[in-house]
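Undergrad: Below are the structure tokens for one structure; questions will follow.
The values are calculated or read from the model by the stated rules, or taken from the named source; none is laboratory data. The shown structure was predicted, so the numbers you read here are calculated from the model rather than taken from an experiment. Cβ coordinates were reconstructed from backbone atoms using ideal geometry, including for glycine residues, and neighbour counts include every protein chain displayed. Only protein heavy atoms, including side chains, enter the accessible area calculation; ligands, DNA and RNA are left aside. Shrake-Rupley method; radii C 1.70, N 1.55, O 1.52, S 1.80 Å.
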Amino acid sequence: MRETTLVIDRLAYGGAGFGRIDGKACFVPFTAPGDRVLARVRRETASYVEADLIEILEGSPHRVSPPCPVFGRCGGCQWQHLGYPVQTAAKEDIFGEALWRLARVERERLLTAVTADTPWGYRSRIQVKLFGRGEEFRMGFFAPGSHFVVDLPGGCAVAHPAINEALCELRQVLEEFPERDRIPQVDLAAGIDAAVVITVHYLGDRLNQVTEFWRSRRDRLPSVTGICLQRGRKATITGIYGEQRLVYTLPATDAGEGDTLKLTFSAGSFSQVNYPQNRELVRTAMEWGNLSGDVKVLDLCSGNGNFSLPFARNAGTVVGFETVEQSVADARYNALLNGIATSRFEAEDGVAALRRLITNGERFDLVILDPPRSGAAEMAGLLCALGPPVIIYVSCDPQTLGRDLARLQKGGYRMVKSRVVDMFPQTYHIESITLLERI
């Protein structure tokens, strides 16, 4: 493959630096705006080129020294080589460009990003990949674009300190496990109180022996509060020992001060990975929702009640729909834990729920949705038919958000404002919150 030199102009969604070769867009991972680099073309189409970095000929002033010794080989982070202000500015630019291109949203409607006070050691959940064959054992993350496990020496720079402490203990125990090739992954999650729950993915059939193995080594995992075993889908998760719920807190009002709610989630269930930024996300949603005691709220993709329950403290009633039954159980548990009787949670797909609500003539004052990365293409059309006066859309992908905003705007909504909430420092991933009102 041919080699070429180019100057990197900016950063692109996906994490690569963007420049041009012979007029074509060229994407080079692990580069910085202002770099002049030597790159090897890996893939070329009629409109763009993908290339790998060979050498930095002239380094950008935006470069910093990445703290992780495997950065660039591990696929977890893309931007550790950039100062944090450069990262957040790039996310604002990428976000703004996507919303203009896909939904014609002007920059004036985009608020300044909510940056993280702590851009390191923030992740409360990680999934560690394992490779064990003979004497060889690696525990870490996949390399970019492959299933090769890059070993993590000592821990992960963006993981919660409690998780890194548990990782060190876990490595020593796993080195003794007799079927290391039968454990492809271990999930680690930490609560706000630094409690850690581990979920071991096991592909073998020696359940009794495996259970005894972990129970007999409990004293060698002092940082671990509980261990679970998963064999296939999440419905197979069973406890081996200890507590399987983790706790975090949320503001009970949009002021973000004083009274707080205590929320839990079970092993294997979804929760936001950055607790401080999640608090900001929820506080912003409550502020923009302008909640009062007679407001009726619909929460689509309601999870464990992350938005529903703070809303229920300040609104009339909240109804939440979620496809994952364990998350629904968590939400109901959290409602009881916090003494909230004005919320109801059902295990039902958001699309099916919307169709039923429309057929039944139900009305809501506000709808909040926090869909997966694939967005809410089908729900967007149904929301236009449901016609709530206010929609708050929480997104983790600007491309699918832009697509869905275009549909909502055509269906009678005006995008009032939106902002990035940087949930994932050191990576290109973009979390955002958007307010829409019925015209």
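Undergrad: Identify all residues within region 290-309 that are at pLDDT 95 or above and either in a helix (DSSP H, G or I) or acidic (Asp, Glu) (or both); write none if there are none.
TA: Asp299, Ser308, Leu309
Undergrad: Restricting attention to region 85-110, and to residues there that are open to solvent by less than 40 Å² (accessible area, probe 1.4 Å) and in contact with a Ser or Thr (Cβ under 8 Å, 6 or more places away or on another chain), which single residue is nearest to Phe30 (Cα to Cα)?
TA: Thr88
Undergrad: Now for a different question. Inspect all residues belonging to region 197-211 and state whether any of them is free of Cβ contacts under 8 Å to residues at least 24 places away in the same chain, surrounded by fewer than 16 Cβ atoms within 10 Å (Cβ to Cβ) and under 23 Å from the mean Cα position of the chain (by Cα).
TA: No: zero hits.
Undergrad: A further question follows. Determine, yes or no, whether Glu346 is of a type in the set (Asp, Glu) and either in contact with a Cys (Cβ under 7 Å, 6 or more places away or on another chain) or over 29 Å from Ile237 (Cα atoms) (or both).
TA: On the way: of a type in the set (Asp, Glu): yes; either in contact with a Cys (Cβ under 7 Å, 6 or more places away or on another chain) or over 29 Å from Ile237 (Cα atoms) (or both): no.
The answer is no for Glu346.
Undergrad: Counting just the residues of region 239-287 that are closer than 17 Å to Asn338 by Cβ and polar (S, T, N, Q), which one comes out modelled with the lowest pLDDT?
TA: Taking the candidates together, the pick is Thr253.
Undergrad: Evaluate the following for Ser374: is it among the hydroxyl-bearing types (Ser, Thr, Tyr) and either open to solvent by less than 60 Å² (accessible area, probe 1.4 Å) or touching a residue at least 40 places away in the same chain (Cβ under 8 Å) (or both)? Steps first, answer last, please.
TA: On the way: among the hydroxyl-bearing types (Ser, Thr, Tyr): yes; either open to solvent by less than 60 Å² (accessible area, probe 1.4 Å) or touching a residue at least 40 places away in the same chain (Cβ under 8 Å) (or both): no.
No, not satisfied.
Undergrad: Within the group Arg220, Arg180, Arg215, which residue is over 23 Å from the mean Cα position of the chain (by Cα), touching a residue at least 24 places away in the same chain (Cβ under 8 Å) and open to solvent by less than 50 Å² (accessible area, probe 1.4 Å)? Give the steps one after another, and end with the answer.
TA: Values: Arg220 fails: open to solvent by less than 50 Å² (accessible area, probe 1.4 Å); Arg215 fails: open to solvent by less than 50 Å² (accessible area, probe 1.4 Å).
Sole residue among the options that is over 23 Å from the mean Cα position of the chain (by Cα), touching a residue at least 24 places away in the same chain (Cβ under 8 Å) and open to solvent by less than 50 Å² (accessible area, probe 1.4 Å): Arg180.
Undergrad: Would you mind stating whether Pro178 is out of contact with any Pro (no Cβ under 6 Å at 6 or more places or on another chain), modelled with pLDDT under 95 and closer than 20 Å to Tyr122 by Cβ?
TA: Working: out of contact with any Pro (no Cβ under 6 Å at 6 or more places or on another chain): yes; modelled with pLDDT under 95: yes; closer than 20 Å to Tyr122 by Cβ: no.
No.
Undergrad: Among the listed residues Val173, Val247, which satisfies the condition of being farther than 30 Å from Ala116 by Cα and hydrophobic (A, V, I, L, M, F, W, C)?
TA: Working: Val247 fails: farther than 30 Å from Ala116 by Cα.
Going through Val173, Val247 in turn, the sole match is Val173.
Undergrad: Does Thr400 fit the bill of being hydroxyl-bearing (Ser, Thr, Tyr), under 25 Å from Leu102 (Cα atoms) and either free of Cβ contacts under 8 Å to residues at least 12 places away in the same chain or surrounded by fewer than 22 Cβ atoms within 10 Å (Cβ to Cβ) (or both)?
TA: Details: hydroxyl-bearing (Ser, Thr, Tyr): yes; under 25 Å from Leu102 (Cα atoms): yes; either free of Cβ contacts under 8 Å to residues at least 12 places away in the same chain or surrounded by fewer than 22 Cβ atoms within 10 Å (Cβ to Cβ) (or both): yes.
Yes: the conditions hold for Thr400.
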